[in-house]
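Engineer: Before I ask anything, here is the structure I am working with.
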Amino acid sequence: MAQALGFAVIVVLYTVIGLMAAAGAIFIVRKILGLKAEQIFYAMFLIMIAAFYLAFASYFRAEAAWRLEIVVVIAFAAVALAGARLPMILIIGYSLHGVWDLVHELQAHGVYSMFQPGQLTPLPLAYGFFCAAFDFYMALYFYAQRDEWTGARQAVPRALD
C-alpha cells in the first residue's frame, strides 16, 4: 500500500512538472520567436523528444528496443516535417507522442503488453507521465494557435511604399 501511495505521489508530481515545463516553454518561445518560427521550432522539438528514447535505449542497454525505437523516431520526424507547415499535423504528432510515452510507462508497470518484453525502451520512473503531460499540453496550445500560425504562413509581405 505504501509503495502504491508513493508511486501515486510521484505520478502527480511528474505530471504537474510536465505541465509547468510546457507552460514555461510556451512562455519563453513566444517571447523569442515569431509565429512562423514558433511552429517550426516545435516541429523540430518533436524530433528531439522522439529521439530521446534512443538515448534511454543506449543508457539502459536495451538492444532489443533499438529497431522499433528507430522506426518510431523516423515516423515522428516525418510527422514533424509535415507539422512545420500544417498545424493540425503538429497537434496530431504531439498527441501521438504523448500516447507513445504512456505506452512505455504502462508497459514498464506490466499494465499494457502489446509489445514483447524488452521491445520497448525502459524509462526512468514516471518519465512517461511527465512527457505525456508535456505533450498533451503542447497539443492543446497548438490547437489554440492553429489559426494564428495558418494566418502567419498565408500572410503576404506588403511592398514598401
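Engineer: Out of everything in the stretch 17-75 that is surrounded by 15 or more Cβ atoms within 10 Å (Cβ to Cβ) and hydroxyl-bearing (Ser, Thr, Tyr), what residue ends up being farthest from Gly93 (Cα to Cα)?
Structural biologist: That would be Tyr53.
Engineer: Of the numbered conditions (1) in contact (Cβ under 8 Å) with a residue 40 or more places away in the chain; (2) out of contact with any Phe, Trp or Tyr (no Cβ under 7 Å at 6 or more places or on another chain); (3) among the polar types (S, T, N, Q), Ser58 fails exactly one; give the number of that condition.
Structural biologist: (1)
Engineer: While we're on this one: Determine if the stretch 119-138 includes at least one residue that is out of contact with any helix residue (DSSP H, G or I) (no Cβ under 6 Å at 6 or more places or on another chain), at pLDDT below 80 and assigned to a loop (DSSP other than H, G, I, E, B).
Structural biologist: no
Engineer: Here is a follow-up. Select from the stretch 76-85 the residues that are surrounded by 14 or more Cβ atoms within 10 Å (Cβ to Cβ) and either free of Cβ contacts under 8 Å to residues at least 60 places away in the same chain or of a type in the set (Phe, Trp, Tyr) (or both) and list them in ascending order.
Structural biologist: Residues of the stretch 76-85 surrounded by 14 or more Cβ atoms within 10 Å (Cβ to Cβ): 76-77, 79-85.
Within the stretch 76-85, Phe76, Ala77, Val79, Ala80, Leu81, Ala82, Gly83, Ala84 meet the criteria.
Engineer: Let me ask something additional. Residues that are in contact with a Leu (Cβ under 7 Å, 6 or more places away or on another chain) and under 25 Å from Asp147 (Cβ atoms): find the helices (runs of 4 or more DSSP H) completely inside the stretch 1-104 holding 2 or more of those. Before you say what the answer is, go through the steps one by one.
Structural biologist: Working: elements: 2-32, 35-59, 66-83.
Output list reads 35-59, 66-83.
The values are calculated or read from the model by the stated rules, or taken from the named source; none is laboratory data. This is a predicted model, so every value here is computed, not measured. For neighbour counting, all protein chains shown are included, and Cβ atoms are generated from backbone atoms with ideal geometry for every residue, glycine included.
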